[in-house]
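Report on one structure; see the data block that follows.
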Amino acid sequence: MSHHLAKWFKAAEATGDFMGIRYGRKPEGSSEVEWSFVSHIECDGIGGFARLLREAGAELRELPQTTHPNRQVIRPLWNLIRKKTEVEHLATRQDWIQESAESHETGPLAWHLFTEEETEQIRQRCRQQKVTVNSYLLKHLDHAVRADIKSPSAALPWLIPVNLRGDISSRKDTENHVSCVEPILSMGDSAACIQAQIQQLLKLGEHRENYLMLMLGGFLPQAFKAHLITKSRARSKGNIGSFSNLGVWDKEKALSNTDAWFFCPPVCKGQRLGAGCVSFQNRLSLTLQAHASLADQPEIAQSCMTRWINETL
């Protein structure tokens, strides 16, 4: 069923968005990151990373499976047609402080690689707070971006991808097995509060709702999909950005590949900040990419990254 998901990413590219998932490889001893892209039409974040590791010689068997299985149909479809509660004082896509009036090919980019000791320090803090690394990083990312939002005290809507491997299957394990949830974070939310909200969204099956919506919409003509995406992008309401965590890979250092790896989800006109992280061989990396519409602020990604790092450690 992943071909239906691929059709939506293909339709997004037809509107002018670039649906390339960014990956970085930093060879041991080098200070430079070698960047490349894997099309979201072909792979999701986990699948693209697995493809690159396999191409580099790694033997990967089963890819990470969903931790929140949900194969319901009736309840998620009912939830889709129900009117959801409106959130007051919600930031919009237009709330970035400055946007570019000119056309730019790429947006600002920033990255950071923690040491093994720093990565363990972050994990220890998460254990002490009884939260996941995912919730901990999202809390500090949310706080870090507020300096670049016109209304920094507003509630910020985020998009969080959800791995569906185990719930759905496809011809290739690297193809799109992904949905999402969309938490709305208030300025003072703790990591525990954020985690509770995301867990509740998963319990209610929001990721299943979004998956079924994309599956049903997959039968629409491609031109009409592109029309719907363009119409959605024109609305002020929407996510301030996306945050994706590929999780922990090769903790035991069984793979011969000792390079450092980076990852960032795509950015688009309706989602102007992408934040990604991955832990490979016990080193956590962070990557931030801003949309080209924010290219008049070349420092936006790096300044936000600096705040994110300082808050995280």
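Values quoted throughout were computed directly from the atomic coordinates according to the rules given, and no laboratory measurement underlies them. A quick note: this is a predicted structure, and the numbers were derived from the prediction, not measured. Neighbour counts are summed over all protein chains in view; Cβ atoms, including those assigned to glycine, are modelled from backbone coordinates with ideal geometry.
Along the charge dipole of segment 1-87, which of Leu80, Leu5, Phe18 sits closest to the positive end, that is, farthest toward it, with unit charges on the beta carbon of Lys, Arg, Asp and Glu (+1, +1, -1, -1)?
Leu80
In segment 165-193, whose amide N lies under 20 Å from the spot 7 Å out along Cα-to-Cβ of Arg125? List them in ranges.
Under cut-off, by backbone N: 185-193.
Going Cα to Cα from Lys231, which lysines come in below 23 Å? Please leave out same-chain ones fewer than 8 positions away.
Lys7, Lys10, Lys83, Lys84, Lys269
Taking amide H positions as placed 1.01 Å from N in the peptide plane, with prolines and chain starts having none, which residues 5 or more places from Arg165, or on another chain, fall under 5 Å of its amide H?
When sequence neighbours closer than 5 places are left aside, the close amide H contacts are Thr66.
Rounded to a whole number of µm²/s, how large is the Stokes-Einstein D of segment 123-188 at 25 °C and 0.890 mPa s, given Rh as the Kirkwood radius over C-alpha pairs?
Rounded to a whole number, D works out at 173 µm²/s.
May I ask you to evaluate 6.51 cos²θ - 1.76 cosθ + 1.60, the Karplus curve with θ = phi - 60°, for each residue of segment 248-257 and list the ³J(HN,Hα) values in order in whole Hz, giving x for glycine and proline?
Couplings: 9, 10, 6, 4, 7, 6, 7, 7, 6, 6 Hz.
Write out the GluC sites (Glu not before Pro) in segment 1-48 meeting two conditions: DSSP loop, and at most 16 other Cβ atoms within 10 Å of their Cβ.
Details: sites: Glu13, Glu28, Glu32, Glu34, Glu42; in loops: Glu28, Glu32, Glu42.
Here the GluC sites (Glu not before Pro) that fit, given the DSSP loop and packing criteria, are Glu28, Glu32.
Less than 16 Å apart at the alpha-carbon level, and either on another chain or at least 8 residues along: which lysines does that give for Lys130?
Lys139
Relative contact order for the chain: what is it in percent, counting Cα pairs under 8 Å that are at least 6 residues apart?
Averaging sequence separation for qualifying contacts and normalising by length gives 30 percent for the chain.
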